[in-house]
Each structure stands twice: as structure tokens, then as C-alpha cells.
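For reference, the structure is listed below as C-alpha cells.
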Amino acid sequence: MSGIKLSVCIPTYNREAYLRSALDRFLTHYKFDFPYEVVISDNASTDNTTQVVEEYIAKGVPISYHRRDTNGGSLANTICAFHQAVGEYAIYHADDDFLAPDGLTEAVSYMDANPDVSVCQAPWHFYDEVNDRDLSQFYTIEKEVKFAQRSFVEVFQFVCERHIFPEIGLYRASALRSSWVPREFCFWAFSYLAHFLDQGSVVFLPKPFYRSVAVSKIAPNRPQAGNDDVMTSWDKYRGGLEYFLHIASKRGNLALTGESRLVFEELCKAFTLNRMSVAIRFWAQRKDFIKVYELYTRMSIGGMQNHPEVVGLKDQLPLMVALQTLAYHATATAGITHLMLCGVADKKALEDMLYELGLAAEIRVVSEPKVHDPGQLKRTVVFLSNAARYQHFVGLGYKPNLIFTEQDLTAHVMI
């Protein structure tokens, strides 16, 4: 045995400023009463990561540094960090996040007292580094909940009913080797949870031991990497849940009868649709209403067309999808310099929305002129509020497939 109790595993690539901020905390904020190491896997960085690591080793941070020859992607780099760890327990640490040391110390003590537990899961804080405060918490449980080895059905119901994402865990290192494996179509956190549960007990602790930095001192306006998963990975979430059920059925904890399949299918569907509703909110914030509408159609078929995240958008959705579609067509077509709005009541309001919804800045929004410029006909997209005027504009020489009526843009939007 190495004698090291905890390995904090930090994969990094070309983010020396974030890494420096994370390592500073080991000097100033974290005081552990057990031996630990900071395992850094460097994914062939081209910046000064190596020098930063050497600086903090000199300051006394117990770093185990490993540099990959090539950039193998984030998953390979993360796995590298875990394989290089020699502690009894291991925890993932993104280079731009922080630990919650009190909660982590309690989790280590819990693992010491419960050798049957393969992983401690816990909620996590969203943290404002600029103002040094926790903003919110990702899921909440009121008390410790422990599940016995291979109690798959009970864990599955707990995860679905509480809408829990088992992303933050303190892992028993002996359980990692057969658990941390590549998964592409099945969300890793659900898949790995099945592996950990297959090997031992799993506990969900109420006290967070991790802080996900939502507002960073280094880049206050940086996008959250996790938001991309929220906005696109709902089918992976479903895949992860189905993977979990597969493991359960193969281990004999779950009998997949016709009736039980319907029950678990419904749970998977409800979980997935609820994640789509969150994605709808994020896409609406980004003003991508075409994607909002796509998700709405799936939620409608799933019976959640009146979900709270959807209700507030339904009235404006047809107009916003139509305008974004018009902006998309104009921007996508080579050589377009003008977008003409004919018969609209408030040109300025529509013009502002078109630019917000993706119209290229170099395309001018204009009203219908009294005299049509022959040199401009082939470079103009036309929007007509009155479809009866379509042939008139074709006769003037505008390209027929660049003349859009309200019906063209809204016919496919069915609320």
C-alpha cells in the first residue's frame, strides 16, 4: 500500500491559469488530516503547464505529474489521471473547479467506516468565485441514503424520482479499474454507477464535497462546459439509464417481464423528457428557437406539451421560429446583401429580432422600395406578408426560391 489516503485527480490541457488557481487552494484553503496526492494528467499542453506544476511542487503541494505525449481527448486524459493514482480513494477534480474540503473530509471518514461502500455520491455547489459564495446546489437529499450491493431497482427508482445525477463521487480505488471505461452513447455517470453498485454498496451523502465554478475570476463570462451536455445529451441520459437496467437484469436483480418493461420504459421516458425541458430553457436563452421547437415536438408526443418550461414559450414560438428560419435562409445563401420586408407593421422591431436570431451583420434589412434596383434583384431575399404578391415579385426578377411568404415560414410550426 502507498500510505496515501486520497488521490485528487486533475486532468488538464492548456489551462495554466485555471490550474494555478486550483493548486493555490491546496496551499490556502484545504487542510486534510490524512495523506493525499494531487494527480495531474497533462494532455500534451503547449503552454507553461509543466512550469506551473514544478512551481507548486516546490511550494510543497504533493503533486504526482504525468504528461501525455499526445492529446488523446478529455476522457483518455481523465482515465490517465485515475490510473496514475495510488491513493485508497480517488476523486475527479476539473482544473477550473474547487473542492468543498469539509464535506470531502466527512466523506473520507464515511468510507473508512464503511469498507463495503464502493462510492460516495453527493450533490455539489455552483460557486461564484468572484464573490466567494455558493449560488445553488445541484439536487438535494435530506439525509444519508445507503443502498446495498446490487440493489439496482431501488437505486434506479431513487435516481429517477429525485432526478439525481451521480456525477460527483468519492471512489474506492479498488473499484475503479473495472468501472471507469469508455461509454459513448450511454451517459457515463449512470453507466459507472451500475458498475460501482455491482461491486459494492453505494451511498448518497447530503453534504457536498465539490464546487463547480459558475462565475470565474479568470474568465467571468466563460461558458459552462456542462451546459453543452444539458442542451444536447438527453438521449445519452436515457442510454445511461437503459444501460443501468441492462446490468440490473444480467445480475438477477431485475426481472424484465412485459409489465416491468413498461414501467421502466415510462420512468426512462419521463426522465428524458424532463431533461429536454431544461434544454428548452437553455436554447431559448440562446435564442435558438428552431431547436426549441424540435424539442417541443418530442415533448408533445411524450405527453409533456404543457410542461412549465414550455407553456411560457408556446405563444411566441411560431413567430420566433419563422423569423429565425428567414434569418437562416438569408445568411446561408451566397451573395445575399439585402433582406426586404414587405407589408410588415413594425420593420424596426422585426429587424432587431432578425439580427438577434442569427441574421448576418453584413446583410441589410430594408423596406420595399418604390423603384426596384435591377442590380440588386438577385442579391435580395424577400419576405411577403401578403402571399398574393408572390408572382408580382417573380415577375420583377427576384429569384423565386428567395421569396418567402408567411405561410412558407410558419406552415411547419404546429403548436
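One table, with the values for the structure above:
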read-out	value
Under 18 Å from the Cα of LYS378 - lysines, other chains or at least 8 residues apart	LYS370, LYS399
14 Å beta-carbon shell around LEU323, net charge (K/R +1, D/E -1)	-4
Placed amide H near ALA94: partners under 5 Å, 5+ positions off or other chain	none
Theoretical FRET efficiency, 1/(1+(r/R0)^6), r = Cβ-Cβ of GLU54 and ASP116, R0 41 Å, to 0.05	0.50
Space enclosed by the convex hull of the alpha-carbon atoms of segment 52-149, per residue, Å³	170
Of all accessible heavy-atom area on the chain, the percent that carbon and sulfur account for (1.4 Å)	52
Cross-link partners of LYS143 among lysines (Cα-Cα below 21 Å; sequence separation of 8 or more within a chain)	LYS207
Segment 28-47 versus segment 88-131: alpha-carbon centroid distance in Å	14
Calculated percent of Cα pairs over 32 Å apart (choose from (i) 36; (ii) 50; (iii) 56), label	(ii)
Per residue, in Å², the accessible surface of the chain once ligands and nucleic acids are set aside, probe 1.4 Å	47
DSSP bridge pairs, the chain: antiparallel proportion in percent, nearest 5	30
Sequence ranges 207-217, 405-415, ranked by mean other-Cβ count within 10 angstrom, highest first	207-217, 405-415
Residues of segment 253-273 with amide N under 19 Å of a point placed 7 Å along Cα→Cβ from VAL153	253-269
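The values are calculated or read from the model by the stated rules, or taken from the named source; none is laboratory data. Every value quoted in this text rests on a predicted model; they were computed, and no experiment measured them. Using ideal geometry, Cβ is built from the backbone for each residue, glycine included, and neighbour counts are taken over all protein chains shown. Surface accessibility is based on the protein's heavy atoms, side chains included, excluding ligands, DNA and RNA. Shrake-Rupley method; radii C 1.70, N 1.55, O 1.52, S 1.80 Å.
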